[in-house]
Amino acid sequence: MRFIRVKESGFEAAAKALVRSTLQENPKVESTVKEIIARVQAEGDLALLELGRKFDCPNLDDLEVTEAEWQAGCDAVAPADRALLDQAAANILHFHEKQKRNSWLEIEPGKITGQMINPLERVGVYVPGGTAIYPSSVLMAALPAKAAGVKEIIITTPAGKDGTINPYGLYAARLAGAKRIFKVGGAQAIAALAFGTESIPKVDKVVGPGNSYVNVAKKLLWGVVDIDMLAGPSEVCVVADSGANAAYAATDMLTQAEHDTDSVAYLITDSEEFGQSVLKELDERIKDLPRREILKQALEECGAIIVAESLEQACDLANVCAPEHLALMVREPFAWLGRIKCAGAVLMGDYSPQTLGDYMAGPSHTLPTSGTARFASPLHTETFLKKSSFIYYTKESLDQVSDGLIQFAGIEGFAAHAEAVRVREGGD
């Protein structure tokens, strides 16, 4: 694992070590995805069935989860697990209901301006995984849409080899208010949601994480359909001072690194001694974890421990990193929170582990990755809202600004713009 000392390398070199690539250009993947998109657009359900048999379930013979299948899956979830998912769903919905904004207007003599805010009509939630479906992914992507008032939530997810959907995913979909679930995965699911097929209705927006094929499909189809973001590998950056708990920092790093070999885990600290302690904790804890080979490769290839010259500098480096998850393990974390400008989610203090943010706290864990937290936000209620402005002027109010409007149109060389004002100057 890289161990970088800013005092020796300099700030710029340390910052460069924290920069990740955004969506990788892969001509082979893009070519394959373009072929899949064209097939789905031309052949509809037939293409989905054939691609589903090729990639997911050899005996796939239907696309939609029936009500009987859905109910049977929900019934298969143990009562204690249902209660756990119920509580997580309640927390997530409560958090996102507070984000919803309302339409507004401003009335002045002779004029009214304002904004209408409406939910999207129909949204598609893509959930990766087949039999490994994660119920948290369903809840975190669909419940903000429910809070926004989206009328119809559609879920697509690849079927398992036996043609079924994981019961926990089915129960989570019920909690999230989904109307329909389709056994479709990969780039073909994104294309189906974007264009619509005989079975799958066209949606206004597609949200949810996926592999490189899903991401490329989302990128290529943006404009046909809206998307949430292009999500990259999981990331965590721990900012810690000398008083932090090394075991807490190490385990938080491991939570995201265990996702895949290209997952990112950073520690930025102002203490050399603490950095060495975390390195030892990582070495010891990996040994007993079932995904140790994935963890080892992720930390070796994508991990780093950076020793900053001060905590202020550590925060500055964290802002350059702009991570998906940022763990703020410092004394008085609220005193330092204002210095963090670029992060998808900030987990603060000793008792806010990454696991809490991933499952139960309430904010969505669908977060900007690859440094896009510099300009992007987590998936949230407003992700599913659209805004329209409106303007109303009386003749008297228009007359007060008509000369300026005509002058502005002249500056830009648009005679018809000016004429649209002049024609109203003599009217009633």
Subset of region 166-195 that is in a loop (DSSP other than H, G, I, E, B) and either at pLDDT below 95 or open to solvent by 20 Å² or more (accessible area, probe 1.4 Å) (or both) - its residue that is farthest from residue 383 (Cα to Cα): 166
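Looking at residue 20, is it at negative phi, touching a strand residue (DSSP E or B) at 6+ places or on another chain (Cβ under 7 Å) and not hydrophobic (A, V, I, L, M, F, W, C)?
The answer is yes for residue 20.
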Subset of region 403-413 (residues that are open to solvent by 100 Å² or more (accessible area, probe 1.4 Å) and over 16 Å from residue 393 (Cβ atoms)): 407, 411, 412
Residues that are in contact (Cβ under 8 Å) with a residue 24 or more places away in the chain, out of contact with any helix residue (DSSP H, G or I) (no Cβ under 7 Å at 6 or more places or on another chain) and surrounded by fewer than 23 Cβ atoms within 10 Å (Cβ to Cβ), drawn from region 320-333: 331
Checklist (1) small (Gly, Ala, Ser); (2) surrounded by 15 or more Cβ atoms within 10 Å (Cβ to Cβ); (3) part of a loop (DSSP other than H, G, I, E, B) applied to residue 52, failing item: (3)
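Per-residue answers, yes or no, for (1) in contact (Cβ under 8 Å) with a residue 60 or more places away in the chain; (2) small (Gly, Ala, Ser); (3) under 13 Å from residue 65 (Cα atoms):
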residue: 117; (1), (2), (3): yes, no, no
residue: 137; (1), (2), (3): yes, yes, no
residue: 151; (1), (2), (3): no, no, no
residue: 155; (1), (2), (3): no, no, yes
residue: 170; (1), (2), (3): yes, no, yes
residue: 184; (1), (2), (3): yes, no, yes
Index of the failed condition, residue 337 passing every other in (1) open to solvent by 50 Å² or more (accessible area, probe 1.4 Å); (2) touching a Gly at 6+ places or on another chain (Cβ under 9 Å): (2)
Some residue of region 104-127 being out of contact with any strand residue (DSSP E or B) (no Cβ under 6 Å at 6 or more places or on another chain), farther than 22 Å from residue 191 by Cα and in a helix (DSSP H, G or I): no
Hey, residue 200 part of a strand (DSSP E or B) and either of a type outside the set (A, V, I, L, M, F, W, C) or farther than 24 Å from residue 260 by Cα (or both) or not: no
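Go through region 348-363 residue by residue and tally those that are open to solvent by 10 Å² or more (accessible area, probe 1.4 Å) and either among the basic types (Lys, Arg) or touching a helix residue (DSSP H, G or I) at 6+ places or on another chain (Cβ under 7 Å) (or both).
10
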So residue 61, is it more than 25 Å from residue 186 (Cβ to Cβ), open to solvent by 40 Å² or more (accessible area, probe 1.4 Å) and either touching a residue at least 12 places away in the same chain (Cβ under 8 Å) or not β-branched (Val, Ile, Thr) (or both): no
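Only one residue in 151, 146 is modelled with pLDDT of 95 or more, more than 25 Å from residue 358 (Cβ to Cβ) and open to solvent by 10 Å² or more (accessible area, probe 1.4 Å), so which one is that?
Of the residues listed, the single one that is modelled with pLDDT of 95 or more, more than 25 Å from residue 358 (Cβ to Cβ) and open to solvent by 10 Å² or more (accessible area, probe 1.4 Å) is 151.
The values are calculated or read from the model by the stated rules, or taken from the named source; none is laboratory data. The model shown is predicted, which means the values in this text are computed figures rather than measured ones. Cβ atoms come from the backbone with ideal geometry, glycine included; neighbour counts cover every protein chain shown. Accessible surface areas use protein heavy atoms only, side chains included; no ligands, DNA or RNA. Shrake-Rupley method; radii C 1.70, N 1.55, O 1.52, S 1.80 Å.
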